[in-house]
1. Between the stretch 40-65 and the stretch 80-116, how many Å separate their Cα centres?
2. May I ask you to derive the FRET efficiency for LYS179 and VAL38 from their Cβ-Cβ distance with R0 = 35 Å, giving the value to the nearest 0.05?
3. Report, for the chain, the % of DSSP beta bridges that are antiparallel, rounded to 5.
4. Provide the per-residue ³J(HN,Hα) series for the stretch 111-127, in order, calculated from phi with Karplus coefficients 6.51, -1.76, 1.60 and θ = phi - 60°, each as a whole number of Hz, with x at glycine and proline positions.
5. Count the net charge of all other residues whose Cβ sits under 12 Å from the Cβ of CYS23, scoring Lys and Arg as +1 and Asp and Glu as -1.
6. Here are several values of semi-axes √(5λ) of the Cα gyration tensor in Å: [x] 34, 25, 18; [y] 27, 21, 16; [z] 22, 19, 19. Which one was derived from the coordinates shown?
7. Could you list which residues have their amide H under 5 Å from that of ASN102, counting only those 5 or more apart in sequence or on another chain, with H placed in the peptide plane?
8. Under a GNM of the chain (C-alpha, springs under 10 Å), which listed residue has the highest mean-square fluctuation: ILE11, ILE41, ILE185?
Amino acid sequence: MSNDASVFSFICCVNDEDMYHVCEKHIDALYVPEGFTVEKIVMKEAKSMVSGYNEAMRKAKGKYKIYHHQDAWMIEKQLLYHMKSLFEASEVGMIGVCGTNNLPPHGVWWDANQRDLYGVVIEERNTIGVLSFQNPRQRYERVEAIDGLVMATQYDLPWDEQFDGWHFYDVSQSSLFQKAGLDVIVPHQDSPWFIINAG
């Protein structure tokens, strides 16, 4: 495990090569800040999301790790500039594009009251729509939990492998970062940063 502050590591658990190939094209199209490089770590046949992420975290070179779904495509070309700028605040531990600042007791973030939901993402499901909640008025909103479609970090905290499936790992990791005294945030987006191909 390395923490090279000039490397962005994109980490993805993949079980659909065609889907990831499209995702990879979007990564390759991003503008990369001067002096930085990008690496892509693909985890195949992972037993669970968190086991794949933990193994990838140990392999990754970058301080900045962007854990993402294979069907989450980066459409904001300045994405890495945004993340670099947000991570200049040492208290910011993890960034997502959707989440809530008032997590319901059952742990499903999107079931929170509408006034407690933040973020925006384009969703492609037969037709294209926009899943839009509140857009933070300031630079970002501190939240209790973010969605797992993308979880970008600047610190390495092991993922809790008690979550041995494909759900609730995002809420768990959000909690772990906050217990470590770090902020989990949803940034202001002038336009959506990601599109989800939900089939």
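1. With the stretch 40-65 and the stretch 80-116 each reduced to a Cα centre, they are spaced 21 Å.
2. 0.70
3. Of the beta bridges lying entirely in the chain, close to 55 percent run antiparallel.
4. 7, 5, 4, 3, 5, 9, 9, 9, x, 7, 8, 7, 10, 9, 9, 6, 10
5. With Lys, Arg at +1 and Asp, Glu at -1, the neighbours total -4.
6. Checked against the structure: label [z].
7. GLU144
8. Sorting by GNM fluctuation, first place goes to ILE41.
No lab work stands behind these numbers, since they all come straight from the coordinates. Note that the structure is predicted; figures quoted are calculated from it, not measured. Note that each Cβ is placed from the backbone with ideal geometry, even for glycine, and that neighbours are counted across all protein chains shown.
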